[in-house]
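We did not get these values from a lab; they are worked out from the coordinates using the rules stated. Remember, it's a predicted structure, so these values are computed and weren't measured experimentally. Note: ideal-geometry Cβ built from the backbone for every residue, glycine included; neighbour counts use all protein chains shown.
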Amino acid sequence: MNSAEFLATIRLNRANAAILDRLPELEAPQAHLVAGALFQTVWNVRGGQAPEAGIRDYDLFYWDADPSYEAEDAVIRRAAALFGDLGVRVEVRNQARVHLWFPGKHGLTRPPIRSTREGIDQFLVECTCVGVDASGELYAPYGLADLAAGLLRPNPRNHTPGLYAAKVADYRARWPWLREG
């Protein structure tokens, strides 16, 4: 799978297409549509399902040096107004805040993240490290071959075996043709 094929495939999901078309209007620095909205659309299409099937939420990452809750909440409210008509759950997260809430949620510490793409680099499964920015540029630090092949590997930048195993079990329950490599 090349970049053009990936971008065309993710746009088969109407919510992805609308979010990407409107993303520049959010005016959030380094804004990217990331994660499940993208790779799950690819797996759905490859598995013969509707592009939107089973996608729980649509994650938007951005990076702003202001790590306050109030600043992030303002972007969340703008996103709610911008994407509210889509009928999907849009989750917005300032990557500059992750180190503040991650320990409470997962019991693990994380160093501060310095950019949106650094946040994408840390997803649990290598082939899921994908994002598309507000200009439509794809970011896929591990490439797209494993994603297209349904090959799951732990991300060496995020060594959390328990979280990885749970994520892989969830993915394989929904797309049984996926395999670990």
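The figures follow:
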| read-out | value |
| --- | --- |
| Segments 55-62, 12-19, 79-86 sorted - mean Cβ within 10 Å per residue, highest first | 55-62, 12-19, 79-86 |
| Two-decimal ratio, segment 68-181, of alpha-carbon radius of gyration to 2.2 N^0.38 Å | 1.18 |
| Fraction of beta bridges assigned by DSSP in the chain that are antiparallel (%, nearest 5) | 55 percent |
| Rounded to whole Hz, the Karplus (6.51, -1.76, 1.60) HN-Hα couplings of segment 160-167, x for glycine and proline | 9, x, x, 5, 4, 4, 5, 5 |
| Rounded, prolate or oblate (a/c below 1.5 giving rounded, otherwise prolate when a/b exceeds b/c) for segment 1-116 by Cα gyration tensor | prolate |
| Alpha-carbon centroid distance for the pair segment 113-179 / segment 1-18, whole angstrom | 17 Å |
| Largest-first ellipsoid semi-axes for segment 1-60, taking √(5λ) over the Cα gyration tensor eigenvalues, angstrom | 20, 12, 9 |
| Total charge dipole magnitude, the chain, about the Cα centre, Cβ charges on Lys, Arg, Asp, Glu only, Debye to nearest 20 | 600 debye |
| Charge dipole of the chain about the Cα centre (unit charges at C-beta), most positive-ward option of W63, V92, N13 | N13 |
| Furthest towards positive pole of dipole, T128, V42, A149, structure part the chain, Cβ charges | A149 |
| Shape call, segment 51-102: gyration tensor on alpha carbons, a/c limit 1.5 | oblate |
